[in-house]
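Below is one structure, written out as structure tokens, with a few remarks after it.
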Amino acid sequence: MIQFYKPNKKVTGSACSFWLNDDGSIMASLIKQDGWNNQKNTGSFSKNKDNPNGRVIIKLAETEIGAILDCLETSHKWSTYHRSSKQTLQINFGPYERSGEQIGFSFSVNKQDVDDSTNKVGFIIGFNFGEGRYLKEFLTYLLNEKFKSFQQERKSSKNVSYRESKSSFAKKQQVKVEEVNLSEEEDDDLAW
């Protein structure tokens, strides 16, 4: 898992994570900041961890990871929609500019309730160029892990097929041998 925390004194910051789920899905989440400690100059996010209006979790397809990697390499903009029975997500990734100059990348998600279009919430986080590079390397790693699991599944599938076909072949050979075995009377007739 890779995590980015971007708190601020105005309590408008965000935290973002990317990870590979146990089922092999590539996931991302954004959480809104919920507080600020002036004495320690730190922000907190924990109150929004389980708050549906304070966080969003996204399952990203491999091609969507490829699109984010393309944005990180070429500074193109990319957007897509995800729709489920409960929510619609508008996902954007692209260059982050200030005064006409790119200073990094931004990742934003707008979440809307399917049953109540007034129930909307937006999430955004920025990445400087170093964080963008770190994110690129991690997403590349996640894709490589997916490729390894595909290869392992394929090998496992081939081994099962080979074992099944070998077992099936052995059973057929056993049947043939049993068909060739002679009864005791026939065996006595052939004895010398």
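The values are calculated or read from the model by the stated rules, or taken from the named source; none is laboratory data. Owing to the predicted nature of the structure, the values given are computational and were not obtained by experimental measurement. Cβ coordinates were reconstructed from backbone atoms using ideal geometry, including for glycine residues, and neighbour counts include every protein chain displayed. With ligands, DNA and RNA removed, areas are computed over all heavy atoms of the protein, side chains included. Shrake-Rupley method; radii C 1.70, N 1.55, O 1.52, S 1.80 Å.
Stretching GLU97 away from ASP116 to a fully extended chain increases their span by 3.5 nm, per 0.36 nm per residue minus the current alpha-carbon distance. The portion of the accessible surface of the range 7-162 made up by carbon and sulfur, rounded to a whole percent, is 47 (1.4 Å probe; DNA, RNA and ligands excluded).
Computed over the range 22-71, the convex hull of the alpha-carbon atoms projects to a mean area of 5.3 nm². Only the Cβ atoms of Lys and Arg (+1) and of Asp and Glu (-1) were treated as charged; on that basis the dipole of the range 51-153 about its Cα centre amounts to roughly 200 debye. Taken over the range 9-49, the percentage of Cα pairs per 10 Å bin, counting from 0 up to the bin with the maximum distance, is 29, 38, 23, 10, 0. Listed peptides 25-35, 41-51 appear in the order 25-35, 41-51 once ranked by packing, highest mean of other Cβ atoms within 10 Å at the front. Ordered from largest to smallest accessible area (heavy atoms of protein chains, 1.4 Å probe), the residues TYR141, TYR81 come out as TYR81, TYR141.
Neighbours of SER29 by Cβ distance under 13 Å: Lys/Arg scored +1, Asp/Glu scored -1, total +4. The residue list TYR96, LEU143, SER46 was ranked by how far each Cα lies along the charge dipole of the range 23-145 toward its positive end, using unit charges on Cβ atoms, and SER46 comes out on top. Seen from a random direction on average, the alpha-carbon convex hull of the range 1-120 projects onto 9.2 square nanometres.
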